[in-house]
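**Q** Have a look at this one before I ask anything.
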Amino acid sequence: MPDTGAVPARRSIRLPGYDYSQIGQYFITICAYEMRNVFGKIANGAVLLNVIGRIAIDCWREIPEHCAQVELDAFVIMPNHVHGILTIRQSHATQSRGSIEDGHGCPVPLQPSLERFQRPSVGAIPTIIRSYKQSVTYLARRRLTKPSLAIWQSNYYERILRDGKEFAEASRYIFENPTKWQAATHRLSSSL
């Protein structure tokens with residue numbers, strides 16, 4: 001097949017038609033640009049964050065300050081990626097409906113506002129992750145005075161956690177990730 005030079009069309013890896021602002025738990029993985037170790041390193045099974053890694057962890061911890069309906073669960077900043085579980089406790093649409101106490105006699109049911117390309121939905125996982133990545137990038141570029149510093153891959157991965165078992169497995173995976181990184185690195189270097 002001849003190379004036409006055309007850039008391939010980007011397609012979403014989100015679940016089609018799913019409302020990512022609805023109540024639930026989401027296991028998120030965000031990878032660094034070209035899987036580079038931009039956030040720090042692992043030593044003795046512990047993550048040692050560099051400047052960008054500290055910015056990344058501070059911005060992650062601030063997510064609930066910007067999105068009141070979101071709670072943080074297990075998370076870790078690894079040398080070349082971030083894992084975290086975000087819990088949406090209340091739908092953003094539910095928050096804005098009002099109540100009788102607010103002077104609304106009967107809240108009007110709202111259609112879910114599904115995230116679409118260039119149509120972000122307030123409080124939806126894609127909007128939260130986009131804002132997080134933008135904040136880390138902005139602060140890192142400013143702090144390091146590198147205006148073209150690339151930090152993130154263009155997408156991210158999420159898994160909707162359907163029950164307590166999946167939540168427990170994802171949490172364990174996150175907590176064990178630094179020690180598994182060390183073991184994987186050791187296996188790789190010893191096989192060379």
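**Q** If A74 passes every condition in (1) modelled with pLDDT of 95 or more; (2) open to solvent by 30 Å² or more (accessible area, probe 1.4 Å) but one, which one does it miss?
**A** (2)
**Q** So, one more: Would you tally the residues in region 140-160 being crowded, with 16+ Cβ neighbours inside 10 Å and either more than 17 Å from V82 (Cα to Cα) or of a type in the set (V, I, T) (or both)?
**A** Final tally of qualifying residues: 2.
**Q** Quick check on A124: is it modelled with pLDDT of 80 or more, among the hydrophobic types (A, V, I, L, M, F, W, C), surrounded by 12 or more Cβ atoms within 10 Å (Cβ to Cβ) and in contact with an Asp or Glu (Cβ under 8 Å, 6 or more places away or on another chain)?
**A** The answer is yes for A124.
**Q** Name, by its number, the condition in (1) at negative phi; (2) more than 15 Å from the chain's Cα centre (by Cα) that does not hold for M78.
**A** Status for M78: all satisfied but (2).
**Q** Of all residues in region 33-57, count the ones that are in contact with a helix residue (DSSP H, G or I) (Cβ under 9 Å, 6 or more places away or on another chain) and in contact (Cβ under 8 Å) with a residue 40 or more places away in the chain.
**A** 11
The values are calculated or read from the model by the stated rules, or taken from the named source; none is laboratory data. For clarity, every value in this text was computed on a predicted model and none was experimentally measured. We place every Cβ from the backbone using ideal geometry, glycine too, and count neighbours over all the protein chains shown. Just the protein is used for accessible areas: all its heavy atoms, side chains included, with ligands, DNA and RNA removed. Shrake-Rupley method; radii C 1.70, N 1.55, O 1.52, S 1.80 Å.
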